[in-house]
There are 2 protein chains.
Amino acid sequence: MSSQNSSPSTEKNAKAPSRSRGLKRVSALLDGASAVFAEAGYEAATMTQIAARAGASIGSLYQFFPTKEHVAAALHGRHLDALAGMLDSLAGEVRGQPVEAAVDALFARFVAYLEENPAFLAVGERRSLDPAVKKEARARLRGRIAALLVAVEPPIAEARVASLAAVTLHLIRVAALLRADDDEGVRAPAIAELRTMLKRHLAGQGG
Amino acid sequence: MSSQNSSPSTEKNAKAPSRSRGLKRVSALLDGASAVFAEAGYEAATMTQIAARAGASIGSLYQFFPTKEHVAAALHGRHLDALAGMLDSLAGEVRGQPVEAAVDALFARFVAYLEENPAFLAVGERRSLDPAVKKEARARLRGRIAALLVAVEPPIAEARVASLAAVTLHLIRVAALLRADDDEGVRAPAIAELRTMLKRHLAGQGG
DNA sequence: TACAAACATGAGGAAATCCTCATATAAAGG
DNA sequence: CCTTTATATGAGGATTTCCTCATGTTTGTA
């Protein structure tokens, strides 16, 4: 269940690329969309801007993405895939380590990813995003975080993993939302505080 | 320095009402804008919707607010005035009380205000808001919170008040950002945790 | 090479939105 | 009552944006 399935509710003629040229073009279009969404936000971004930024014509854009919503959905799915992969590899790296080290690594990677990919917040936290999609996305990330929490030593108690994974994702999201537009002097200490808070919350939850 | 001074940078012919009828109309227009911004968000809200919601013609709206940005700025200022007044009266109520009680009251009032006035987040946290305005708004609220912190017993040390007021506002903003669109099951405990965190942070900071 | 299907292109239709303006009405002062 | 100024109104111009479509080009394949 990857990105190609997270399409908007109203399915128009969303054609998937089959030739290699089409695959490259779709990738370039998503790169262009990523840049434009990051700079202007979802609402202010225009299809013409996205096509131009990708070096494509407006017609090419509409060939693969019949709607701006489709573009955002595809980009969102692509980011979720990347984040899920990142969490998977992280789970391997922190296996057997104390939970504090895992939290540090988790925060560092997540915050870095969002710094480098501001478009993810632009499409993932916008008002117009379908709540069902939002919910599913969070569930997916929660699952990966839960896997990470049972890999540490001592592992988090099985019965508490789901709830603690939710709290963890929650705090990371908060840090991410602060990231967006805050005074430089406040942001870093705030993120550090949230990280500390999470450690305190997870410490002593071993099973 | 109240709301009438927080106008957008490009000053067009922003006429202020002088007669009582005009004052009422401006108030109604801001009420309409508040409803529309809360439901649709700033970007998706249209001037026609705002005028209709206020029971006014589109021409009347443009008579007082030459731009949608002007509407948002005026509404933002109005909310800031209300919040400042709320904090002032709260400072009186918690005078002489322990800091924990003050924090509880502060969170309760602030969260309640934002629940009842979702338009404030819609105009105050949007991308297109001028950073200078945002900064000034936060400075204003920080000042009121600082006044509140020196009113408790024992009072917060003078030298630390500014920094602690910043942390306080910060955590309240985090709680507010969670408020917007989160799963009901996670929101309330998260806010409670943030409140606890703030108490722990402020405890023992007396002068 | 020749054919079919995928892909590319940009002018322009349709619709939405911002905002203006000429005209009309209400209110305040003399 | 009459003048002046503030306020009210909504049709419509100007612009922007989404999206379509007819036509042309490239790619894979037999």
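Some points to look at:
- Matching residues, region A:47-67, being near DNA strand C (Cβ under 9 Å from one of its atoms) and of a type in the set (Phe, Trp, Tyr): A:Tyr62, A:Phe64
- Taking the criterion of being surrounded by 17 or more Cβ atoms within 10 Å (Cβ to Cβ), assigned to a helix (DSSP H, G or I) and hydrophobic (A, V, I, L, M, F, W, C), the residues of region A:39-61 that qualify are A:Ile50, A:Ala51, A:Leu61.
- Scanning region A:119-144 for residues that are in contact (Cβ under 8 Å) with a residue 12 or more places away in the chain, under 17 Å from A:Ala44 (Cβ atoms) and either of a type outside the set (A, V, I, L, M, F, W, C) or facing another protein chain (nearest Cβ under 10 Å) (or both) yields A:Ala122, A:Gly124, A:Glu125, A:Arg126, A:Ser128, A:Leu129.
- Of the helices (runs of 4 or more DSSP H) entirely within region B:78-178, those holding at least 3 residues that are surrounded by fewer than 15 Cβ atoms within 10 Å (Cβ to Cβ) occupy B:99-116, B:131-149.
- If you check A:Ile156, A:Ile172 for being within 12 Å of the chain's Cα centre (by Cα), on the phi < 0 side of the Ramachandran plot and at pLDDT below 90, only one passes: A:Ile172.
- Criterion: within 12 Å of DNA strand D (Cβ to nearest atom), within 14 Å of chain A (Cβ to nearest Cβ), among the charged types (D, E, K, R) and over 17 Å from the mean Cα position of the chain (by Cα) - qualifying residue of B:Glu43, B:Glu39: B:Glu43
The values are calculated or read from the model by the stated rules, or taken from the named source; none is laboratory data. Bear in mind that the values here come from a model prediction, so they are computed numbers and not experimental data. Glycine gets a Cβ as well: all are built from the backbone with ideal geometry, and neighbour counts include every protein chain shown.
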